[in-house]
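Q: Can you keep this structure in mind? I'll have questions shortly.
Every read-out reported here was derived from the displayed coordinates using simple, explicitly stated rules and does not represent laboratory data. These numbers were taken from a predicted model, which means no experiment stands behind them. Virtual Cβ from ideal backbone geometry, glycine too; neighbours counted across all protein chains shown.
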Amino acid sequence: MKKTPIQLLYDKIPSFRCKEGCVRCCDNWIQFAPEEELRCGGFDFTGEICPKLGNAGCTVYENRPLICRLFASSELMPCPYGYGPKTPLSEEETKSILKEYLKLRKEQEEQYGKVGK
Ligand code: SF4
Ligand code: SF4
């Protein structure tokens, strides 16, 4: 299936393996675009921890939102345990991805309305 402009932004983010069993970055309220929420089946936040976090980690890993992909993959959001890709995104690259992402997200929110909280 053809990738959306937001999924094409995912391709610009280098991936890496987290520390075994660590879910520290999921202990957060996260932000997502309407299309990301739909792909993940909704984000019904009731507390401080992401509702997509299961016992074995992220239950929507393949579809996780852009912000989850940026944690530790950008020099602006370093992992406290030193994990991350060999070459994280620079500040400039990160800002460019976020700028494009926020533009697309705003367009979707204007078109479809905010899907979640
Ligand atoms: S980036 Fe670091 S702190 Fe975040 S989940 Fe991975 S290992 Fe844990
Ligand atoms: S969507 Fe997955 S990776 Fe992102 S915060 Fe939730 S559980 Fe963590």
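Q: How large is the helix-only mean residue ellipticity at 222 nm for the chain, computed as the sum of -39500 (n - 2.57) over DSSP H runs with n ≥ 4, divided by its residue count, in deg cm²/dmol to the nearest 500?
A: -9500 deg cm²/dmol
Q: Work through the residues other than E92 whose Cβ is under 12 Å from its Cβ and net out their charges, Lys, Arg +1 and Asp, Glu -1.
A: Around E92, the charge tally is -1.
Q: Give me a comma-separated list of calculated 3J(HN,Hα) values for the stretch 33-39, in order, Karplus coefficients 6.51, -1.76, 1.60 applied at θ = phi - 60°, integers in Hz, x for any Gly or Pro.
A: 8, x, 5, 6, 5, 5, 5
Q: Considering the dipole of the stretch 5-108 built from charges on the beta carbon (Lys and Arg +1, Asp and Glu -1) around the Cα centre, which of Q31, L70, G42 is farthest to its positive end?
A: Projecting each Cα onto the dipole axis, the largest value belongs to L70.
Q: Hey, another quick one. Could you name the lysines in cross-link range of K86, using Cα to Cα under 28 Å and dropping any fewer than eight places away on the same chain?
A: K3, K12, K19, K52, K95, K99
Q: Quick one: net charge around L9, please, counting Lys, Arg +1 and Asp, Glu -1 for every other residue with C-beta under 12 Å from its C-beta.
A: +1
Q: Name the long-range amide H neighbours of S74: under 5 Å, sequence gap of 5 or more, or other chain; modelled H, no Pro or chain starts.
A: When sequence neighbours closer than 5 places are left aside, the close amide H contacts are L89.
Q: At 20 °C and 1.002 mPa s, what whole-number value in µm²/s does Stokes-Einstein give for the translational diffusion of the chain, with Rh from the Kirkwood sum over Cα pairs?
A: For these conditions, the coefficient is 144 µm²/s.
Q: How many angstrom lie between the C-alpha centres of the stretch 63-99 and the stretch 1-30?
A: The stretch 63-99 and the stretch 1-30 have Cα centres separated by 9 Å.
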